[in-house]
Ligand SMILES: Cc1cc2nc3c(=O)[nH]c(=O)nc-3n(C[C@H](O)[C@H](O)[C@H](O)COP(=O)(O)OP(=O)(O)OC[C@H]3O[C@@H](n4cnc5c(N)ncnc54)[C@H](O)[C@@H]3O)c2cc1C
């Protein structure tokens, strides 16, 4: 990565409403397309004091990720996010990707922005060095991905899709496919997509009907329609490689009968140059409430040539490699947007004068108690969600480095929590960001509303948050709750230690963890899965609350009397108590949910 400096992109598209805002001098934020500043030191603090990144560095596998390397990477990636990607956020919203005569044209500046991410080496950060990747820990990748999401979510989705595909191919593809595709995907010469969804098969992936007929030469003819495919086509790289779920003739119904295929837009020649156009086309692009810069395509596969990835009927397992990668990434997208929304709101609040304030200060709205409540909530929640996401990434790295089943179980447990809580945090915090801006949040020029519109999808795609919660209380508790209880043991023992210096905060975290343990035991006792599923969303949120409390407690210990202890006090004494109500909800069972008939719901 080192010397490859990010290219600078100039966007000369006039921004609608620019003049209007400048004229409203009393409402002006000063710099309405507020420049995002990557919180590099925040990640370093979390690495060093909260999520135990040192343990990752001490493994042979990741020994190169020294403190110096980490700092240099965060700084370099931060510069690119600030200077290259952030200026593309608004043009992407105002000038969505469009389909012209079957060809997708992306938003102004996106091709250069994508090239900057590729040339910086950021797509292949975690990828295998044998194929051109940097082989860095997922923890560092998660931090860099989050910065890029803060800066321009629509564009960051492109490399995120490639990263997931790279990981899936590394684990499940043949050596020939790896040699052909990985260097191109890692360098950003080509990009990757994931194709699961069909009109009748959304959350219920097993209902898909796309098919793949063997061609007798080891390849398959893939046919079917896929909908909502992110970056399904574009003009930012020369080829698009689709990972497509389909069924081979005679395969059983449901998820068990699904296989995975790699289907490129252009068939590569043996030397890697582009050959004939494959039978893949874009039917249309979706008109969405946000994320306008990301082309979301309806894709048609007509006898398109593809190659099996993983074994026949082993498609879901292979695709799950990509999906788990993307789930961590999508949670990070939520956190990234929350961070950017917070920075915007704070910049506005310290300038906007309104009302008499009782306490001494600059006389701006930042001195009103309720605005303070909003800003403190934003900052505390971003910290909590980020810590959970990085804890998950550390568990992934430790599992990769050691092969220890305990770490893979922890990563599996934390993945749905990171995804759903990261997304929920993005949605909640961007919504608070609008409120901090008052009326200026509701008009588009400040950018506060765009964060809300863009981030909303993170709770929907990559498995809805409801599906994540069911995964947590279902598959992830098939061990009888062992991984969860092990994690809670660690939190309680850290809280015991913290009692000496921070008794009030330590006690609150200890008690909340104890309540979560009791509910976890209740959940794992339920053999009727509907009883678990009925309370799964509040349970997941309560789990995140407790993890957030644990993270803030660690931060407070590292900064006695300082801002981090103050923030921890706010989180632990004001936000953490929410867990109690959530856990009551989690144990309420399913009977009430179905007590009213469908007719009574409509009455
Ligand atoms: C902008 C965008 C980009 C996308 N990108 C991609 C992509 O690149 N590749 C891809 O394959 N897909 C993509 N998707 C599709 C996305 O993953 C699906 O929309 C998502 O999985 C939900 O499926 P659905 O829309 O059919 O909703 P449904 O499955 O119909 O769900 C509707 C509601 O019912 C709930 N629900 C459904 N089943 C259950 C159940 N068993 N138990 C409890 N609740 C349930 C859901 O949680 C949800 O609240 C994208 C979607 C969007 C909007």
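Worth a mention:
- Cα gyration tensor shape for the stretch 232-323, rounded if a/c is under 1.5, else prolate or oblate: oblate
- Extension reserve of the residue 269-residue 521 stretch, reckoned as 0.36 nm per residue once the Cα distance is removed: 85.1 nm
- Here 451, 261, 594, 533 are placed in order of increasing Cβ neighbour count within 10 Å, fewest first, which gives 594, 533, 261, 451.
- Normalised alpha carbon radius of gyration of the stretch 168-327 [divisor 2.2 N^0.38 Å]: 0.97
- Footprinting exposure proxy for 571, 181 (fewest neighbouring C-beta atoms within 10 Å first): 181, 571
- Relative packing of 536-544, 278-286, 419-427, which averages over residues the other C-beta atoms within 10 Å, highest first: 419-427, 536-544, 278-286
- Relative packing of peptides 473-481, 96-104 - highest average C-beta neighbours within 10 Å first: 473-481, 96-104
- Taking 0.36 nm per residue of separation and subtracting the Cα-Cα distance, full extension of the segment from residue 63 to residue 376 would add 109.0 nm.
- Each peptide in 115-127, 150-162, 485-497 was scored by the mean count of other Cβ atoms within 10 Å over its residues; highest first, the order is 150-162, 115-127, 485-497.
- Share antiparallel - DSSP beta bridges, the chain, percent rounded to 5: 85
- Translational D in µm²/s for the chain (Stokes-Einstein at 4 °C, 1.567 mPa s, Kirkwood Rh from C-alpha pairs): 52
- Inter-label distance, residue 41 to residue 501: 1.9 nm, where each label sits 7 Å from its Cα along the C-beta direction.
- Taking other Cβ atoms within 10 Å as a rough exposure proxy, 437, 49 sort from fewest to most as 49, 437.
Here, each number is a calculation from the coordinates, and none is a lab measurement. What you see is a predicted model, and the numbers here were worked out from it, not measured in a lab. Neighbour counts run over all protein chains shown; Cβ positions are idealised from the backbone, glycine included.
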